[in-house]
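Trainee: Have a look at this one.
The values are calculated or read from the model by the stated rules, or taken from the named source; none is laboratory data. In this text the structure is predicted, and so the values were computed from the model without any measurement. Every residue, glycine as well, gets a Cβ built from its backbone with ideal geometry; the counts of neighbours run over all protein chains shown. What goes into the accessible areas is simple: the full protein's heavy atoms, side chains included, and nothing from ligands, DNA or RNA. Shrake-Rupley method; radii C 1.70, N 1.55, O 1.52, S 1.80 Å.
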Amino acid sequence: MTVHVLTRASLATQPLAAEMIRPLCDGGVGTRASFLTKTFAVSSIGRSLTLRISALGLYRAFINGHRVGDDLLTPGWTSYHARLSYQTYDVGHLLREGENVIEIWLGDGWYRSPLGWEGAQLSNVWGEHVAAIAELRDETGDVVLATDSSWRSGLLPIRKNGIYFGETFDARDQLVATSGTEVVEAFDPSTLLPHEIDGVREMPPLPVLAQFEDQEQRTIYDFGQNCAGYVSFTVRGQAGARVIIEHAEILDGAGNFNNANLRSAAARVEYTLSGVGEEHYKPTFSFFGYRYARVTIEGKATLTSIVSIPVTSIHARTGTFTCDHPLVNRLVENTWWSQVSNFIEVPTDCPQRDERFGWTGDAQVFARTACYLADSRAFLTKWIRDVIADQRPDGGISHVVPDPYQGHQAVLPRFYGSTGWGDAICVVPWVLYEHYGDTAILREALPAMLRWADYMWRLSDNGLARPALSWDEPGFTFGDWLQPKGRSEKPLPTIGDDAAATIYMFISSNIIAKTATVLGDIECAEQFTRRAALIKDAFVREFVMPTGRLLYDDQTSYALAILHDLVPAHLVPATARYFKAAIARTQGRIGTGFIGTPALLPALMKIGEPDLASAVFLQEQVPGWLYQVKRGATTIWERWDAIQADGSIFDPAMNSFNHYSYGAVCEFLFEHVAGFRPDPKRPGFEHILLQPQILPDLGSVHASHRTERGLIEVQWRTAGRDATYDVTIPEGASATFTLAQRYSNGTIDGAMFDGSSTVSSGAHRFTFKLPP
Ligand code: BGC
């Protein structure tokens, strides 16, 4: 007889043999948290036992008082109405022979705690009741324990919890199961699926770098790094004394703790001491975006230690870029920190204020950089599945995913369908394909891409986008959101919204044509090639003047049109001159917002202006990337001018200091400066395209990227006009080096070559001459 041994894979194909149950003592959103519990018997120990568990709300499980797993904010965040993750843990080591107790703590989480900014805030988005489902099986697959209405429930010491609120904990409370449970009949078990990504986990703790007291004797701790996470502290004192922690990203110009930008997010931790010995605390069901913590102590208590613990879903850094310019190095690190802080279950805009949403536009512009800096494959794939799940019946893509507004349209009736944002459904799968060679995500996303493209097409005037001005109307676009006009003022709508929207229709149509080609759907590929051509014709008719000047003479229109080949070839030299003139008018400062920014420097490279690209990149005034670094930023700001030159804060309520979008410039550093990228014809870095551009102001450059095949490493340096480019190509991959136009005298491993040269895996040295 063969003994059937249970594996995670075989388990994943079996439905959970348990019921979703809710604690009857739960008082609803914002009230005291509750737990579910059951005492059960295990006949022999040393067995392998597997727990599968999920919740409506957040859960944390304990067996015999020991925590199950080390992941946080479980079961994670998905479009819960369609997809709910469960976690799988081996828990044999936590069990003992005879009687055992399991406890499942429940928090409000994204499921029901208030989400959205004031005026558009919703509670109980996906449901009113927290609940959990759990099942324990032995190695033969027999069910040892399962949630059902025989479980008991009780209240936790967590007096209140919420994603934006934070957490209140009274350590004097005891856990007593005083109530029963009830099966949630309405729960649809077919929504359950194994967690698709790494769990949210703690990163190494950050110690206090500095501290001071304010006038009210509160201590402000500076951990030196903006991040998303929580503080962990140890305290000693009398029962009933309280420790209150507030969070802030910045000190204002006068050096005061300033968290006005959190808006309605209370982002507080309040801990009431039990008075017994040393007490350690960190929150269970919340996290914050902060660099500073302000601690108020009420009553008799002394804090004996405090650290900041960043948390993230991203655990494998795959990209580095360093050079001889310290501000650039810090910019790259700031981007990394903004990525880890905002890759918590969902790619969010920011981790601190009353949004923390999966804004599609932000993720779209950042996706390529995200894949260079970290292994983002599973993370972005999971999110794209949520984008698909939240697609509206008419094909519009939600502005934010998971979309809290979809089921509550009275609050924001048409909160979907912006170009540049909805195009995430096309751009992100294509980035995943190029980066990881993943055709499965293309196949999964294609139907949604088509519905999105048709939605935009129906709203257009034969390929010319006609954006509506109000976000309640179909066809509204965020345009080039936060685009600075002149020095740094933001107009809304941004310059050239209809041109930018038309360009994005073109970008997505092209991606669909390429996707269909990869998937072998020739008819679809032809249809979208034709559609892209129609959009281009419409664009040229409406926006490109016979002189090559664009109707909207702004940096974003030029950068996007040039980068995506929307300008007829014979006009490109003239258009390029107007583009440069637009940059000269802002004295080399950035004039682009969310969608124009990632295109700006690559477009300058495309017109053969690396020196101008370098000057725009490295200038240190506002708006510019390095301005914020010079002002001490440790993550990427939402606005170019978040803190103004005089130290004042621009628009305190609409200002995040941890928004990764503008960090999308790292894509330029990897692809144009370090000079490597995946060849879309042989994706996943099977074949690598090499074309470095020497930016002399960077001195020398070293960059690496761990692909799924192995490590790519490049290094360039110059001596006078001589440039040396050392590259290591991973096993099984090949690369083609193409000499950029203005360079000459190329050699590969000592031999001359003309134009381009293809090499196989291993270390190679290219040399070439820079122009005089
Ligand atoms: C968010 C974004 C987002 C934008 C929409 C903001 O409030 O923080 O980053 O993309 O709204 O334009």
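Trainee: Which condition number in (1) within 16 Å of the ligand (Cβ to nearest atom); (2) touching a strand residue (DSSP E or B) at 6+ places or on another chain (Cβ under 7 Å) is the one that H659 fails?
Mentor: (2)
Trainee: Which condition from (1) in contact with a Ser or Thr (Cβ under 6 Å, 6 or more places away or on another chain); (2) more than 29 Å from F617 (Cβ to Cβ) is the one that V365 breaks?
Mentor: Among (1) in contact with a Ser or Thr (Cβ under 6 Å, 6 or more places away or on another chain); (2) more than 29 Å from F617 (Cβ to Cβ), V365 violates only (2).
Trainee: Looking only at the stretch 145-176, which residues are open to solvent by 20 Å² or more (accessible area, probe 1.4 Å) and either modelled with pLDDT under 95 or not hydrophobic (A, V, I, L, M, F, W, C) (or both)?
Mentor: Correct list: D148, S149, S150, R152, R159, K160, T168, R172, D173, Q174, L175, V176.
Trainee: Has the stretch 571-591 got at least one residue that is at pLDDT 95 or above and within 14 Å of the ligand (Cβ to nearest atom)?
Mentor: no
Trainee: Using the structure shown, decide if S398 is closer than 29 Å to I309 by Cβ, in contact (Cβ under 8 Å) with a residue 12 or more places away in the chain, buried (at least 24 other Cβ atoms within 10 Å of the Cβ) and within 16 Å of the ligand (Cβ to nearest atom).
Mentor: Answer is no for this residue.
Trainee: Filter the stretch 511-547 for residues that are in contact (Cβ under 8 Å) with a residue 24 or more places away in the chain and in contact with an Asp or Glu (Cβ under 9 Å, 6 or more places away or on another chain); which is most open to solvent (accessible area, probe 1.4 Å)?
Mentor: The qualifying residue most open to solvent (accessible area, probe 1.4 Å) is E542.
Trainee: In addition: Would you be able to tell me the number of residues in the stretch 592-611 that are part of a helix (DSSP H, G or I) and away from the ligand (no atom under 14 Å from the Cβ)?
Mentor: Total satisfying the criteria: 10.
Trainee: It is to be established whether one or more residues within the stretch 331-340 are more than 16 Å from the ligand (Cβ to nearest atom), among the charged types (D, E, K, R) and surrounded by fewer than 24 Cβ atoms within 10 Å (Cβ to Cβ). Please lay out each step first, then the result.
Mentor: Our first condition is that a residue be more than 16 Å from the ligand (Cβ to nearest atom); within the stretch 331-340, this holds for 331-334, 336-337, 340.
Filter again for among the charged types (D, E, K, R), leaving 333.
Those still in the list that are surrounded by fewer than 24 Cβ atoms within 10 Å (Cβ to Cβ) too: 333.
Taking every residue of the stretch 331-340 in turn, at least one turns out to be more than 16 Å from the ligand (Cβ to nearest atom), among the charged types (D, E, K, R) and surrounded by fewer than 24 Cβ atoms within 10 Å (Cβ to Cβ).
Trainee: Inside the stretch 684-748, counting only strands (runs of 3 or more DSSP E) that do not spill past its ends, which hold 2 or more residues that are among the charged types (D, E, K, R)?
Mentor: Hits in the stretch 684-748: 710-719, 722-738.
Trainee: Please pick out the residue among T767, T747 that is open to solvent by less than 50 Å² (accessible area, probe 1.4 Å) and either over 28 Å from L618 (Cα atoms) or free of Cβ contacts under 8 Å to residues at least 12 places away in the same chain (or both).
Mentor: After ruling out the rest, the residue left standing is T747.
Trainee: What number of residues in the stretch 113-147 are over 24 Å from the mean Cα position of the chain (by Cα) and either of a type in the set (D, E) or over 13 Å from G57 (Cβ atoms) (or both)?
Mentor: 16
Trainee: R356 fails exactly one of the following numbered conditions: (1) within 11 Å of the ligand (Cβ to nearest atom); (2) touching a His at 6+ places or on another chain (Cβ under 9 Å). What is the number of that condition?
Mentor: In the conditions (1) within 11 Å of the ligand (Cβ to nearest atom); (2) touching a His at 6+ places or on another chain (Cβ under 9 Å), R356 misses (2) alone.
Trainee: Within the bounds of the stretch 491-501, is there any residue that is open to solvent by 60 Å² or more (accessible area, probe 1.4 Å), more than 18 Å from I441 (Cβ to Cβ) and among the acidic types (D, E)?
Mentor: No, because not a single residue in the stretch 491-501 is open to solvent by 60 Å² or more (accessible area, probe 1.4 Å), more than 18 Å from I441 (Cβ to Cβ) and among the acidic types (D, E).
Trainee: Any idea which residue in the stretch 563-589 is most open to solvent (accessible area, probe 1.4 Å), counting only those that are out of contact with any helix residue (DSSP H, G or I) (no Cβ under 7 Å at 6 or more places or on another chain) and assigned to a loop (DSSP other than H, G, I, E, B)?
Mentor: Q587
Trainee: Can we say M456 is crowded, with 24+ Cβ neighbours inside 10 Å, within 20 Å of T556 (Cβ to Cβ) and away from the ligand (no atom under 16 Å from the Cβ)?
Mentor: On the way: crowded, with 24+ Cβ neighbours inside 10 Å: yes; within 20 Å of T556 (Cβ to Cβ): yes; away from the ligand (no atom under 16 Å from the Cβ): yes.
Criteria met by M456.
Here is a yes/no grid of residues against (1) touching a residue at least 40 places away in the same chain (Cβ under 8 Å); (2) in contact with a Pro (Cβ under 6 Å, 6 or more places away or on another chain); (3) crowded, with 23+ Cβ neighbours inside 10 Å:
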| position | (1), (2), (3) |
| --- | --- |
| K630 | yes, no, no |
| T635 | yes, no, yes |
| W640 | yes, yes, yes |
| G647 | yes, no, no |
| S656 | yes, no, yes |
| S661 | yes, no, yes |
| F676 | yes, no, yes |
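Trainee: Could you check how many residues of the stretch 75-126 are closer than 20 Å to G166 by Cα and part of a strand (DSSP E or B)?
Mentor: 6
Trainee: For D362, work out the one condition from (1) of a type in the set (D, E); (2) buried (at least 22 other Cβ atoms within 10 Å of the Cβ); (3) in a loop (DSSP other than H, G, I, E, B) it doesn't fulfil.
Mentor: All conditions pass for D362, except number (3).
Table: residues versus (1) within 16 Å of the ligand (Cβ to nearest atom); (2) under 12 Å from the mean Cα position of the chain (by Cα).
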site	(1), (2)
D349	yes, yes
Q391	no, no
P402	yes, no
Q406	no, no
A410	no, no
P413	no, no
Y433	no, no
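Trainee: If you don't mind, another one. If you check L122, L84, which single one turns out to be surrounded by 22 or more Cβ atoms within 10 Å (Cβ to Cβ), farther than 30 Å from H280 by Cα and of a type in the set (A, V, I, L, M)? So that I can check it myself, show each step before the final result.
Mentor: Numbers: L122 fails: surrounded by 22 or more Cβ atoms within 10 Å (Cβ to Cβ).
Testing whether each residue is surrounded by 22 or more Cβ atoms within 10 Å (Cβ to Cβ), farther than 30 Å from H280 by Cα and of a type in the set (A, V, I, L, M) leaves just L84.
Trainee: In addition: Scan (1) under 27 Å from A267 (Cβ atoms); (2) away from the ligand (no atom under 16 Å from the Cβ) for the single condition G361 breaks and write down its number.
Mentor: Going through the list (1) under 27 Å from A267 (Cβ atoms); (2) away from the ligand (no atom under 16 Å from the Cβ), G361 breaks only (2).
Trainee: Something else now. Every residue in the stretch 231-243 that is assigned to a strand (DSSP E or B) and either open to solvent by less than 10 Å² (accessible area, probe 1.4 Å) or among the aliphatic types (A, V, I, L, M) (or both), please. Write out each step before concluding.
Mentor: As a first pass, look at the stretch 231-243 and keep what is assigned to a strand (DSSP E or B): 231-237, 242-243.
The answer is V231, F233, V235, V243.
Trainee: Looking at this structure, is T419 in a loop (DSSP other than H, G, I, E, B) and either touching a strand residue (DSSP E or B) at 6+ places or on another chain (Cβ under 9 Å) or polar (S, T, N, Q) (or both)?
Mentor: Considered against the rule, which asks whether it is in a loop (DSSP other than H, G, I, E, B) and either touching a strand residue (DSSP E or B) at 6+ places or on another chain (Cβ under 9 Å) or polar (S, T, N, Q) (or both), T419 comes out as yes.
Trainee: Taking into account only those residues within the stretch 259-282 that are modelled with pLDDT of 95 or more and outside any loop (DSSP other than H, G, I, E, B), which is nearest to A645 (Cα to Cα)?
Mentor: Out of the qualifying residues, it is R268.
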